[in-house]
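Asks: Structure in structure tokens, see below.
The values are calculated or read from the model by the stated rules, or taken from the named source; none is laboratory data. Since the model is a prediction, treat every value here as computed from it, not as a measurement. Please note: Cβ atoms are built from the backbone with ideal geometry, for glycine as well, and neighbour counts cover all protein chains shown.
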Amino acid sequence: MTTQQSFTSHHLLPASQIKQLLYAPEIKQAFAFIDRVQEEIHDELIRICEIPAPPFKEEARAGFVRARFEEIGLSARIDGEGNCIAERPGQDSRPSVIISAHLDTVFPEGTDVRVRREGRRFYAPGIGDNTCGVASLIALARSLDAGGVKTQGAIHFVATVGEEGEGNLRGVRYLFTEGDFRDGADAFISLDGPGLERITNRALGSRRYRVTIIGPGGHSWGDFGIVNPVHAMGRAIAKFAAYAAPFSPRTSYNVGLIEGGNSVNSIPERASMTVDMRSVSSEEIDKLEAYLRRVVETAVREETLQRATSGTTLRCEFEMIGNRPSGETPAEAEIVCAAIECSRALGIEPRLDCSSTDSNIPISLGIPAITIGVGGMSNNCHTLTEWYDPVGRETGLKRLALLTVALAGLA
């Protein structure tokens with residue numbers, strides 16, 4: 001597996017070298033192209049957003065992105081998990097730089113994803129998370145081509161599946177465990193959402209469970225007195241919600257979905273809840289998971305004891321539906337320093353950030369990785385009223401082009 005140290009050995013990127021890149025004719029031409037094609041990127045944004053990409057059904061959007069890469073002249077394909085991969089060869093295969101954006105949205109199949117434009121704003125589910133990232137991935141490839149940029153190392157453009165929710169980072173996880181990059185890479189940049197200032201170098205870990213409590217079920221009158229899974233689940237949720245999560249290391253938990261029962265006059269046969277637990281510390285997630293198991297098992301025992309004369313019992317099941325590792329690309333790492341200097345060279349004052357993104361996987365494997373925004377503004381993320389304003393996107397794209405070339409090396 002490629003390590004942080006092996007990447008650093010390729011070349012150093014002090015601020016002076018980043019500034020020198022700004023004056024390279026190829027970079028100037030790439031920047032000029034970005035300025036010229038903002039309306040074309042608007043159109044691309046709309047086309048991509050209006051191709052549905054619900055959880056586990058990103059095929060159509062991946063196919064569109066593949067076709068666009070091929071139009072640019074890149075060799076592109078769909079891998080075994082559904083990721084779209086395109087390669088821009090360098091003079092050598094090293095350093096290998098991956099620029100990535102996730103294809104999927106949180107919205108279920110059948111959601112109206114037509115885009116409405118009002119002034120500078122584009123309204124549609126998924127327009128900011130992460131259609132703007134996918135459109136920027138294509139724009140980056142076009143800008144490098146327009147500038148005639150040649151690099152020392154190879155640049156890989158990857159549009160991933162399964163970043164959101166129960167996708168559990170399946171696309172990027174496949175890339176680094178079974179796919180093209182199972183032997184590692186020298187740098188990984190995920191494009192996720194709008195904004196310019198944040199550079200995510202810390203991976204926020206999370207663990208997600210579906211907890212189910214199961215009983216015999218019955219009639220609310222005729223079978224009154226038997227165990228009730230919903231009553232037990234209520235006890236468990238109340239106990240779990242009382243957990244004293246530490247502020248440092250920051251830790252959170254959430255019961256996001258509760259299901260169970262058939263009617264108001266039926267004792268349910270089962271009740272379930274989905275639980276999300278997050279922390280910058282894997283140890284804290286372990287503690288929180290242990291507490292969750294303890295309170296559910298306690299609630300099941302209490303309900304069974306209370307209804308002991310009925311002779312009925314409950315049982316509980318825990319199904320892990322998500323596991324995102326935590327970790328950190330150090331602030332002094334080459335990729336982080338390069339991102340900071342590229343930002344400052346274009347008038348952006350960056351800040352380091354912690355979040356849960358595709359970068360979690362490479363970070364956990366020791367691969368230098370960060371996540372950045374592509375510029376613009378957005379709000380109402382993960383809702384039907386989501387909107388994106390591309391103000392400042394040209395600066396985001398220029399920063400991205402500069403950073404990509406800085407890491408791959410200008411030939």
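Asks: I'm trying to understand the selection: among the residues of the range 236-265, which are assigned to a strand (DSSP E or B) and surrounded by 12 or more Cβ atoms within 10 Å (Cβ to Cβ)?
Replies: THR251, SER252, TYR253, ASN254, VAL255, ILE258, GLU259, GLY260
Asks: Collect the residues in the range 301-324 that are in a loop (DSSP other than H, G, I, E, B) and buried (at least 18 other Cβ atoms within 10 Å of the Cβ), keeping them in residue-number order.
Replies: ARG307, THR312, LEU314
Asks: Restricting attention to the range 334-369, and to residues there that are among the hydrophobic types (A, V, I, L, M, F, W, C) and touching a Phe, Trp or Tyr at 6+ places or on another chain (Cβ under 8 Å), which single residue is farthest from GLU166 (Cα to Cα)?
Replies: Of everything passing the filter in the range 334-369, ILE335 is farthest from GLU166 (Cα to Cα).
Asks: Same structure again: Pick from GLU317, GLU394: which is at pLDDT 95 or above and touching a strand residue (DSSP E or B) at 6+ places or on another chain (Cβ under 9 Å)?
Replies: GLU317
Asks: Sort out for me the strands (runs of 3 or more DSSP E) sitting completely within the range 164-217 that have 1 or more residues that are in contact with a Leu (Cβ under 7 Å, 6 or more places away or on another chain), surrounded by 24 or more Cβ atoms within 10 Å (Cβ to Cβ) and not hydrophobic (A, V, I, L, M, F, W, C).
Replies: Those strands (runs of 3 or more DSSP E) span 198-203.
Asks: Also, I was wondering about something else. Scan the range 45-87 for residues that are under 14 Å from SER143 (Cα atoms) and touching a helix residue (DSSP H, G or I) at 6+ places or on another chain (Cβ under 6 Å) and jot them down.
Replies: ARG68, ILE72
Asks: Turning to a different aspect of this structure: Do we have VAL300 as in the same structural domain as GLY167 (by TED's automatic domain parsing) and aliphatic (A, V, I, L, M) here?
Replies: No: the conditions fail for VAL300.
Asks: What are the pairs with Cβ atoms under 6 angstrom where one residue, in the range 238-264, is under 30 Å from HIS219 (Cβ atoms) and the other, located anywhere, is in a strand (DSSP E or B) and among the polar types (S, T, N, Q)? Sequence gap at least six, or different chains.
Replies: LEU257/THR274; GLU259/SER272
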